[in-house]
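One structure is given below, encoded as structure tokens.
The values are calculated or read from the model by the stated rules, or taken from the named source; none is laboratory data. As the structure is a prediction and not an experimental result, all values here were calculated from the model. Positions of Cβ are generated from backbone atoms using ideal geometry, with glycine treated the same way; all protein chains shown enter the neighbour counts. We work out accessible area using only protein heavy atoms, side chains counted, and drop any ligands, DNA or RNA first. Shrake-Rupley method; radii C 1.70, N 1.55, O 1.52, S 1.80 Å.
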Amino acid sequence: MTDTPAQLFIGGSWVDAADGATMPVDDPATGEIITYVADAGAKDARLAEDAAVQAQEEWARTAPRARSEILRRAYEIVLERTDELAHLMTAEMGKPLAEARGEVAYAAEFFRWFSEEAVRIDGGGGILPDGRNRMLLSRRPVGPCLLITPWNFPLAMGTRKIGPAIAAGCTMVLKPAPQTPLSSLALAAILKEAGLPDGVLNVVTTSRAGEVCEPLLRGGRIRKLSFTGSTNVGRLLLAQCADAVVRTSMELGGNAPFIVFEDADLDKAVDGAMLAKMRNMGEACTAANRFFVHHSVAEEFGRRLAERMGALVVGPGTRDGVDVGPLIDRAGRAKVEELVADAVERGAQVLVGGRAPEGPGCFYPPTVLTDVDSGSRLMDTEIFGPVAAILTFDDEDEVIRRANDTPWGLVGYVFTEGLDRALRVSERLEVGMVGLNTGLVSNPAAPFGGVKQSGLGREGGRVGIDEFLEYQYLAVPVR
Ligand code: NAP
């Protein structure tokens with residue numbers, strides 16, 4: 001951990017917090033402190049904002065090709081450092097090394113994708129209906145941005161925002177989650193090495209999120225907030241953004257339905273369930289939260305899923321052969337325990353798992369519950385852990401109604417071999433993304449995001465850069 005930056009990154013320099021404060025970073029597999037990083041306060045946030053504001057004008061004028069090449073170089077460096085970055089992520093977040101390596105590749109891909117998009121920003125224009133007036137449209141960076149990221153994908157949630165912001169010509173202040181500051185600091189070092197000018201990216205690690213972010217959002221100099229996190233915090237930040245009419249992109253929580261019809265290929269459904277439930281130990285906004293399985297196949301699906309879940313190896317993410325690492329912290333594990341206890345009290349059967357092991361670390365075993373009562377708390381709470389809750393249904397209309405009966409709408413999974421049904425059901429689900437006979441939807445080339453209280457805007461895909469651009473329309477009368 002000795003080479004990993006541990007200070008704030010402001011104006012291209014590594015600096016301590018103004019008041020000298022530091023905060024610990026824990027290893028969730030042992031509960032031990034692995035290092036300390038700077039703990040920024042409001043003064044540091046203002047300095048980071050100053051740096052971003054000062055750098056904005058020149059950065060906006062940089063040739064798109066130059067911005068593209070910085071991203072391309074950063075993509076290459078991230079991949080070259082896969083092992084180092086994966087170990088860092090596993091140490092601060094807990095995911096098994098194999099998954100951490102997968103996240104490094106996924107995270108790097110956002111830099112490659114947006115290096116390709118930087119040179120394709122188009123405006124447009126034309127002759128207006130009166131035949132005399134012309135319009136010219138140009139696209140300009142929205143301005144200095146505040147990026148706030150969660151702990152569950154420490155690297156990819158950063159690159160998914162930094163990539164399009166750089167491509168669009170925006171400067172930024174990044175505030176990562178306090179549990180996982182190291183990945184973001186490593187990313188800042190890589191971007192500096194790749195040639196990013198001073199002040200374009202500034203990173204403030206802090207345990208005082210409100211104190212650091214609120215003045216920036218209300219102050220009028222930050223023009224855009226891109227937030228990934230829970231719906232409750234998102235709502236609070238939207239209110240703070242109202243004062244200075246700050247543009248927002250919100251990637252919020254989910255409550256994904258996973259629907260298995262009677263004509264589904266059960267091999268595909270169980271494989272899909274393992275991915276949709278167990279990626280990142282279930283700590284994903286895309287995690288399947290409610291399994292609706294047709295009553296005629298529910299018993300077999302539950303048995304097969306429990307067999308696969310029960311065979312997974314739980315342990316520290318650095319250990320060979322481990323499939324499931326610890327949850328992020330004790331509070332995260334306590335929440336999972338409470339949700340399972342509540343479901344069991346209401347009549348759920350535990351097919352496998354269901355009891356946290358003794359000893360250090362925040363481990364929780366892969367768990368399958370059947371006969372879950374639809375009034376259970378885990379039906380309207382993100383479980384954020386390795387727990388599959390199975391309910392049964394009888395017909396299509398009923399399952400669509402139940403799947404949509406939630407304030408969230410990020411993703412849904414549908415398993416059926418019938419094309420008509422696949423399209424019909426997907427179109428009726430109130431979600432931003434659908435996995436059709438697959439448990440994985442995330443891809444940098446696709447627009448990621450939700451409807452309802454799962455968010456506003458999209459990240460990735462052709463539209464990802466739009467979130468960081470404004471149109472300017474030039475009226476040109478021709479006599
Ligand atoms: P969280 O508690 O909402 O925190 C997310 C980030 O917001 C953290 O950096 C957090 O820092 C910060 N934050 C909290 N209160 C703040 C405030 N008043 N002002 C400024 N920043 C504040 O979420 P989490 O527990 O880290 O992450 C899990 C959530 O993220 C889940 O709901 C998950 O579904 C969602 N998520 C969504 C997506 C998506 O793309 N839709 C992707 C990944 C995760 P502090 O911890 O210091 O408060």
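Of all residues in region 364-388, how many are over 23 Å from the mean Cα position of the chain (by Cα) and either more than 16 Å from the ligand (Cβ to nearest atom) or open to solvent by less than 10 Å² (accessible area, probe 1.4 Å) (or both)?
Kept after step one, since they are over 23 Å from the mean Cα position of the chain (by Cα), are these residues of region 364-388: 365, 367-377.
Checking which are either more than 16 Å from the ligand (Cβ to nearest atom) or open to solvent by less than 10 Å² (accessible area, probe 1.4 Å) (or both) leaves us with 365, 367-376.
Qualifying residue count, region 364-388: 11.
Which one of the conditions (1) crowded, with 23+ Cβ neighbours inside 10 Å; (2) in contact with a strand residue (DSSP E or B) (Cβ under 8 Å, 6 or more places away or on another chain) does residue 322 fail to meet, given that it meets all the rest?
Answer for residue 322: the failing condition is (1).
Quick check on this structure: which one of 304, 290 is surrounded by fewer than 24 Cβ atoms within 10 Å (Cβ to Cβ) and not aliphatic (A, V, I, L, M)? Walk me through it before giving the result.
Values: 290 fails: surrounded by fewer than 24 Cβ atoms within 10 Å (Cβ to Cβ).
From the options 304, 290, the qualifying one is 304.
Taking strands (runs of 3 or more DSSP E) that fall entirely within region 175-266, which contain at least 3 residues that are within 14 Å of the ligand (Cβ to nearest atom)? Please lay out each step first, then the result.
Numbers: elements: 201-203, 224-228, 247-251, 256-260.
Where strands (runs of 3 or more DSSP E) fall fully within region 175-266 and carry at least 3 residues being within 14 Å of the ligand (Cβ to nearest atom), they are 224-228, 247-251.
To keep it simple, each residue is scored yes or no on (1) out of contact with any Asp or Glu (no Cβ under 8 Å at 6 or more places or on another chain); (2) not polar (S, T, N, Q).
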| site | (1), (2) |
| --- | --- |
| 171 | yes, no |
| 174 | yes, yes |
| 182 | no, yes |
| 191 | yes, yes |
| 200 | yes, yes |
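Just wondering, is there one or more residues in region 145-152 that are away from the ligand (no atom under 16 Å from the Cβ) and farther than 30 Å from residue 61 by Cβ? I'd like the intermediate steps shown before the answer.
Our first condition is that a residue be away from the ligand (no atom under 16 Å from the Cβ); within region 145-152, this holds for none.
Within region 145-152, none of the residues are away from the ligand (no atom under 16 Å from the Cβ) and farther than 30 Å from residue 61 by Cβ.
Please verify whether region 82-101 includes one or more residues that are over 25 Å from residue 280 (Cβ atoms) and hydroxyl-bearing (Ser, Thr, Tyr). Reasoning before the result, please.
In the first step, residues of region 82-101 are kept if they are over 25 Å from residue 280 (Cβ atoms); the result is none.
No, region 82-101 contains no residue that is over 25 Å from residue 280 (Cβ atoms) and hydroxyl-bearing (Ser, Thr, Tyr).
When the residues of region 267-288 are filtered to those that are assigned to a helix (DSSP H, G or I) and of a type in the set (Asp, Glu), which remaining residue is nearest to residue 222 (Cα to Cα)? I'd like the intermediate steps shown before the answer.
First, pick out the residues of region 267-288 that are assigned to a helix (DSSP H, G or I): 267-282.
Subset that is of a type in the set (Asp, Glu): 267, 271.
Working: 267: 49, 271: 44 Å.
Only one residue tops the list, namely 271.
Looking at 274, 278, which one is farther than 23 Å from residue 251 by Cα, under 20 Å from the mean Cα position of the chain (by Cα) and open to solvent by 10 Å² or more (accessible area, probe 1.4 Å)? Steps first, please.
Numbers: 278 fails: farther than 23 Å from residue 251 by Cα.
Step by step, each of 274, 278 is checked, and only 274 is farther than 23 Å from residue 251 by Cα, under 20 Å from the mean Cα position of the chain (by Cα) and open to solvent by 10 Å² or more (accessible area, probe 1.4 Å).
Out of the residues in region 77-96 that are surrounded by 16 or more Cβ atoms within 10 Å (Cβ to Cβ) and among the charged types (D, E, K, R), state the one that is farthest from residue 32 (Cα to Cα).
81
Report every pair of residues separated by at least 6 positions or lying on different chains whose Cβ atoms are under 6 Å apart, first residue within region 228-243 and touching a residue at least 40 places away in the same chain (Cβ under 8 Å), second polar (S, T, N, Q).
Between residues of region 228-243 that are touching a residue at least 40 places away in the same chain (Cβ under 8 Å) and residues that are polar (S, T, N, Q), the close pairs are 228/149; 231/453.
I'd like to know if region 415-437 contains one or more residues that are under 17 Å from residue 298 (Cα atoms) and in a strand (DSSP E or B). Give the derivation first.
Filtering region 415-437 for residues under 17 Å from residue 298 (Cα atoms) gives 415-417, 437.
Those left that are additionally in a strand (DSSP E or B): 415.
Yes: region 415-437 contains one or more residues that are under 17 Å from residue 298 (Cα atoms) and in a strand (DSSP E or B).
I'd like the full set of residues that are within 23 Å of residue 119 (Cα to Cα), among the hydrophobic types (A, V, I, L, M, F, W, C) and outside any helix (DSSP H, G or I), limited to region 150-172.
First pass over region 150-172, keeping only residues within 23 Å of residue 119 (Cα to Cα): 156-172.
Checking the rest, the ones that are also among the hydrophobic types (A, V, I, L, M, F, W, C) come to 156-157, 162, 165-168, 170, 172.
170, 172, listed by residue number.
Just one of the numbered conditions (1) over 16 Å from residue 166 (Cβ atoms); (2) surrounded by 14 or more Cβ atoms within 10 Å (Cβ to Cβ) is not true of residue 68; which one?
If we test residue 68 against (1) over 16 Å from residue 166 (Cβ atoms); (2) surrounded by 14 or more Cβ atoms within 10 Å (Cβ to Cβ), just (1) comes out false.
Check region 449-470 and report whether any residue there is within 18 Å of the chain's Cα centre (by Cα), aromatic (Phe, Trp, Tyr) and away from the ligand (no atom under 13 Å from the Cβ).
Checked against the condition, which is being within 18 Å of the chain's Cα centre (by Cα), aromatic (Phe, Trp, Tyr) and away from the ligand (no atom under 13 Å from the Cβ), region 449-470 yields at least one hit.
I'd like to check something: does region 206-216 contain any residue that is free of Cβ contacts under 8 Å to residues at least 40 places away in the same chain, under 30 Å from residue 412 (Cβ atoms) and surrounded by fewer than 22 Cβ atoms within 10 Å (Cβ to Cβ)? Quick ask: steps written out before the conclusion?
Within region 206-216, the first condition is being free of Cβ contacts under 8 Å to residues at least 40 places away in the same chain, and the residues that meet it are 210, 214.
Still in the list and also under 30 Å from residue 412 (Cβ atoms): none.
Within region 206-216, none of the residues are free of Cβ contacts under 8 Å to residues at least 40 places away in the same chain, under 30 Å from residue 412 (Cβ atoms) and surrounded by fewer than 22 Cβ atoms within 10 Å (Cβ to Cβ).
If we keep just the residues of region 245-265 that are touching a helix residue (DSSP H, G or I) at 6+ places or on another chain (Cβ under 6 Å) and open to solvent by 20 Å² or more (accessible area, probe 1.4 Å), which is farthest from residue 379 (Cα to Cα)?
Taking the candidates together, the pick is 248.
Applying the selection to region 455-479, what residues are within 11 Å of residue 249 (Cα to Cα) and touching a strand residue (DSSP E or B) at 6+ places or on another chain (Cβ under 7 Å)?
455, 456, 457, 458, 459, 467, 468
Which of the residues spanning region 182-207 are over 24 Å from residue 81 (Cβ atoms) and out of contact with any helix residue (DSSP H, G or I) (no Cβ under 8 Å at 6 or more places or on another chain)?
207
Does residue 249 qualify as being within 21 Å of the chain's Cα centre (by Cα), within 21 Å of residue 39 (Cβ to Cβ) and of a type outside the set (A, V, I, L, M, F, W, C)? So that I can check it myself, show each step before the final result.
Working: within 21 Å of the chain's Cα centre (by Cα): yes; within 21 Å of residue 39 (Cβ to Cβ): no; of a type outside the set (A, V, I, L, M, F, W, C): yes.
No: the conditions fail for residue 249.
Among the small types (Gly, Ala, Ser), open to solvent by 20 Å² or more (accessible area, probe 1.4 Å) and under 30 Å from residue 362 (Cβ atoms) - does that describe any residue in region 52-60?
For region 52-60, residues among the small types (Gly, Ala, Ser), open to solvent by 20 Å² or more (accessible area, probe 1.4 Å) and under 30 Å from residue 362 (Cβ atoms): absent.
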